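Input: a single structure, listed below in structure tokens.
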Amino acid sequence: MQTDRLITVAIHTYDHAVRLRELLENEGINVSFQNVNLQTPVVSSGVRVRIHECDLPLALRIIENPHIFQSSDTDRQEDSHYILVPVDFMPYSMQAAETAVRIAATHKADVCLLHSFIDPDQESAMQLSASLNYSVGADENRRKQIEKESEDTLERFASELIDKMRKGELPPAKICRKVLEGVPEDSIIEYAGVNPPLLVVMGTRGCAAKEQQLIGSVTAEVLDQCQNNVLAIPDGLASTYKGKVEKVVFFTNLDQEDLLAVDSLCRIFPEKSVNIILVHIPVRKRIIFNRPAEKDLDSMLEYCKEHYPNCIFEKDTVDVHKVNSDQQLHDVIARRYQPDLIVMPNKRANAFTRLFSPSLAHRVLFCTETPLLAIPI
């Protein structure tokens, strides 16, 4: 058969050829050498690595992306360009990770899977009292056991993701793992603050489940407090969401910082011909030298058209203060625009404000099934 003939896939020194052979044979590809003296290999100037022609597609994928076919370090290089993906091993975590991989492939970035664990027994034992008596040894052993279980589960999670890359279901990207102890939202915010990522990608539950977790949502806490770009992917959407967008709704207050948010959006999603609708949200009181908001919106539209010619910009105005419920807000967004992505410049607020007057980004997170990108300003 024509596909059984041997072809040369690479020419290397003997040591490099042996490493490549081990890598290929681990994936079931038969490899043979040619033009090498196996008795004294050091005298050979080069080795032809030969495989069957039918194995060529898989072999090329392995050669071009060796990091997804061999074990990699669990720790991320501190100077690497990466996307952070917090995971809790629920189905939506895998969907968020798949989306992160697709975006990372576009930017040639790494993907760092982060899991945070808490010792439930130790947490319940921490009470205010005059004296604290603990079995330190037992607590430490239990903590190590929980940490080991978390690391093993994260490794299986990463292996499943890498296996999809091997099969060609996902584009190749380097996967790193990180396990921390602490409250999830605090661990995520602290790690991202010390090691700023290109993007934080998190999965969220469906609307019904999110309403039940309005106060305790980790994604909502990260979105409100993190000083990095946060992309929230709703449960069930990522199976069809390929990390590319065609239609974007960009909510703006016409602040100068919104222009920086537009620039961040265009850098994260550099696809051409993206339709970006600049939706103005009127504030309750607007005192800027009595200048009409419509003129500012026109100025912003012209600025975006001039500086980002690859995108298509439109404008609109929505008074969200007249929307009585989050369901109505969802209807306005879904029916009026049908976007692939909602972008929200997000100002950091204190705990009191977040609890009693949640931001628009917080409201949108809990009422829509559309991916939400929050950009801190």
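Some values worked out for this structure:
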read-out	value
Selection count, the stretch 55-97, where residues are open to solvent by 60 Å² or more (accessible area, probe 1.4 Å) and modelled with pLDDT of 85 or more	5
Residues satisfying the stated conditions in the stretch 78-104, i.e. farther than 14 Å from Leu161 by Cα and assigned to a helix (DSSP H, G or I)	Ile103
Residues of the stretch 292-318 classified as in a loop (DSSP other than H, G, I, E, B) and over 31 Å from the mean Cα position of the chain (by Cα), total	1
For Leu20: the one exception among (1) modelled with pLDDT of 85 or more; (2) under 30 Å from Arg205 (Cβ atoms)	(2)
Count of the stretch 165-203 residues which are assigned to a helix (DSSP H, G or I) and either closer than 27 Å to Ser264 by Cα or modelled with pLDDT of 90 or more (or both)	11
Selected residue [open to solvent by less than 60 Å² (accessible area, probe 1.4 Å) and closer than 13 Å to Glu98 by Cα] from Pro197, Pro172, Pro184	Pro172
Only listed residue being open to solvent by 30 Å² or more (accessible area, probe 1.4 Å), at pLDDT below 85 and of a type outside the set (A, V, I, L, M, F, W, C), chosen from Glu155, Glu211	Glu211
Residues of the stretch 7-35 satisfying the condition of being among the small types (Gly, Ala, Ser) and open to solvent by less than 50 Å² (accessible area, probe 1.4 Å)	Ala10, Ala17, Ser32
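The values are calculated or read from the model by the stated rules, or taken from the named source; none is laboratory data. Because the structure is predicted, anything quoted here is derived from the model rather than measured. Backbone-built Cβ (ideal geometry, glycine too); neighbour counts: all protein chains shown. Protein only, heavy atoms only, side chains kept; ligands, DNA and RNA dropped before computing areas. Shrake-Rupley method; radii C 1.70, N 1.55, O 1.52, S 1.80 Å.
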